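Just below is one structure, and these are the notes that go with it.
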């Protein structure tokens with residue numbers, strides 16, 4: 001008897017993949033198992049990222065995530081407006097006295113997320129910054145872009161292909177993997193899920209629900225458990241290429257705006273290169289007077305080889321390679337792509353810097369040179385920025 005197909009929307013799967021990308025980038029991210037209590041109402045938020053900011057002038061950031069990969073621009077503006085309305089309502093719950101999220105040393109990040117978004121609350125009670133984040137892999141409506149930019153909501157673009165396969169391919173494989181979680185005898189097939197004895201019946205109920213109803217009807221508790229199931233399905237050998245690529249998508253900062261870095265190496269390579277740069281920086285600092293304001297900053301240098309448009313004309317695709325003579329040995333073979341909002345680019349720039357956080361207080365600083373392919377890059381930036389202004 002063939003297994004029934006799974007009824008789960010592409011956007012839902014894409015949203016859960018975004019949560020995994022956030023986790024891979026050091027955020028306390030996941031699907032909350034409860035509604036978020038605002039001042040006026042309660043909100044179902046499918047994915048949340050917690051940034052334990054270590055700056056003394058900034059509270060922790062709670063990123064309210066929405067992800068979209070299906071071409072339906074008529075709903076884009078409503079999606080952005082809903083995020084803004086949710087953020088405003090949650091901000092009204094900030095307590096008069098500071099109640100901060102305290103990251104306890106040695107605490108598992110997953111356990112910390114459960115303590116924050118596990119138990120039911122009537123209202124949110126932490127002193128935090130609420131930030132909107134939209135992840136797309138399609139064209140976003142121009143008016144939605146403008147509304148997001150005007151209201152401090154960040155938009156990040158993810159590639160249409162992961163590990164050499166289109167997103168549609170991986171969504172199909174994930175649906176098949178989910179349909180195999182429970183066999184025809186009603187038994188859980190994944191040992192890692194079967195070990196969670198208290199949740200086995202809940203897992204079965206979710207799979208049954210997805211075989212008979214839409215994923216849109218899942219409540220927060222079920223959405224949380226679905227994220228647990230997806231994480232275990234991705235550990236199967238068939239998903240090794242996808243799992244590896246999700247670990248190679250980094251969230252970096254360009255002029256204070258988040259951009260997506262798609263690279264070909266491991267996190268270990270980046271960390272090793274950063275530690276080498278830090279060591280070199282300290283060595284050079286010994287030769288500088290303590291009275292000077294100048295502090296040497298070692299940067300890994302990269303060359304932008306080409307600039308193209310993406311499916312969204314508001315986002316540019318920048319391919320790059322490492323400048324082998326000006327990077328640590330660990331990343332001399334590094335190459336990949338950057339997905340940068342056009343509004344962040346400037347036609348006058350000949351180079352720009354990218355900050356890639358790796359651990360608390362440790363970031364890889366990359367300097368990207370546009371002059372190697374100067375004429376072509378300048379023309380491409382000019383065309384992209386002029387489009388943005390015309391719009």
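The values are calculated or read from the model by the stated rules, or taken from the named source; none is laboratory data. Computed from a prediction, not measured in an experiment: that's the story for all the values here. Positions of Cβ are backbone-derived with ideal geometry, glycine not excepted, and every protein chain shown enters the neighbour counts.
Laid out as a table, the results:
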| item | result |
| --- | --- |
| Which numbered condition residue 135 misses (of (1) touching a helix residue (DSSP H, G or I) at 6+ places or on another chain (Cβ under 9 Å); (2) part of a helix (DSSP H, G or I); (3) modelled with pLDDT of 95 or more) | (2) |
| Residue within the range 85-103 that is over 20 Å from residue 39 (Cβ atoms), under 19 Å from the mean Cα position of the chain (by Cα) and either assigned by TED's automatic domain parsing to the domain that holds residue 227 or assigned to a loop (DSSP other than H, G, I, E, B) (or both) present | no |
| Criterion: outside any loop (DSSP other than H, G, I, E, B), surrounded by 20 or more Cβ atoms within 10 Å (Cβ to Cβ), modelled with pLDDT of 95 or more and in contact with a helix residue (DSSP H, G or I) (Cβ under 9 Å, 6 or more places away or on another chain) - qualifying residue of 18, 50, 80 | 80 |
| Residue tally, condition within 22 Å of the chain's Cα centre (by Cα) and either exposed (fewer than 15 other Cβ atoms within 10 Å of the Cβ) or over 10 Å from residue 80 (Cα atoms) (or both), over the range 116-145 | 15 |
| Selection from the range 352-361 of residues that are more than 12 Å from residue 267 (Cβ to Cβ) and surrounded by 13 or more Cβ atoms within 10 Å (Cβ to Cβ) | 352, 353, 354, 355 |
| Selection from the range 53-72 of residues that are exposed (fewer than 15 other Cβ atoms within 10 Å of the Cβ) and outside any loop (DSSP other than H, G, I, E, B) | none |
| Criterion violated by residue 252 - all others in (1) touching a residue at least 40 places away in the same chain (Cβ under 8 Å); (2) under 30 Å from residue 329 (Cβ atoms); (3) in a helix (DSSP H, G or I) satisfied | (3) |
| Checking residue 273 against (1) assigned by TED's automatic domain parsing to the domain that holds residue 327; (2) surrounded by fewer than 16 Cβ atoms within 10 Å (Cβ to Cβ), the condition it does not meet | (2) |
| Residue in the range 210-233 that is in contact with a strand residue (DSSP E or B) (Cβ under 8 Å, 6 or more places away or on another chain), assigned by TED's automatic domain parsing to the domain that holds residue 28 and surrounded by fewer than 19 Cβ atoms within 10 Å (Cβ to Cβ) present | no |
| Odd one out for residue 96 among (1) surrounded by fewer than 14 Cβ atoms within 10 Å (Cβ to Cβ); (2) in contact (Cβ under 8 Å) with a residue 60 or more places away in the chain | (2) |
| Residue list for the range 149-187, filter: assigned to a strand (DSSP E or B) and either modelled with pLDDT under 95 or out of contact with any strand residue (DSSP E or B) (no Cβ under 6 Å at 6 or more places or on another chain) (or both) | 161, 162, 165, 166, 182 |
| Unique residue being more than 30 Å from residue 311 (Cβ to Cβ) and surrounded by fewer than 16 Cβ atoms within 10 Å (Cβ to Cβ) when the list is 180, 151 | 180 |
| Considering residues of the range 83-93 that are touching a strand residue (DSSP E or B) at 6+ places or on another chain (Cβ under 9 Å) and in contact (Cβ under 8 Å) with a residue 24 or more places away in the chain only, the residue surrounded by the fewest Cβ atoms within 10 Å (Cβ to Cβ) | 91 |
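The rows are residues; the columns are (1) over 25 Å from residue 147 (Cβ atoms); (2) touching a residue at least 60 places away in the same chain (Cβ under 8 Å).
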position: 24; (1), (2): yes, yes
position: 39; (1), (2): no, yes
position: 46; (1), (2): no, yes
position: 72; (1), (2): no, no
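Yes/no matrix, rows are residues, columns are (1) farther than 17 Å from residue 99 by Cβ; (2) outside the structural domain of residue 85 (by TED's automatic domain parsing); (3) assigned to a loop (DSSP other than H, G, I, E, B); (4) touching a strand residue (DSSP E or B) at 6+ places or on another chain (Cβ under 6 Å):
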position: 111; (1), (2), (3), (4): yes, no, no, no
position: 114; (1), (2), (3), (4): yes, no, no, no
position: 121; (1), (2), (3), (4): no, no, yes, yes
position: 130; (1), (2), (3), (4): no, no, no, yes
position: 140; (1), (2), (3), (4): yes, no, yes, no
position: 147; (1), (2), (3), (4): yes, no, no, no
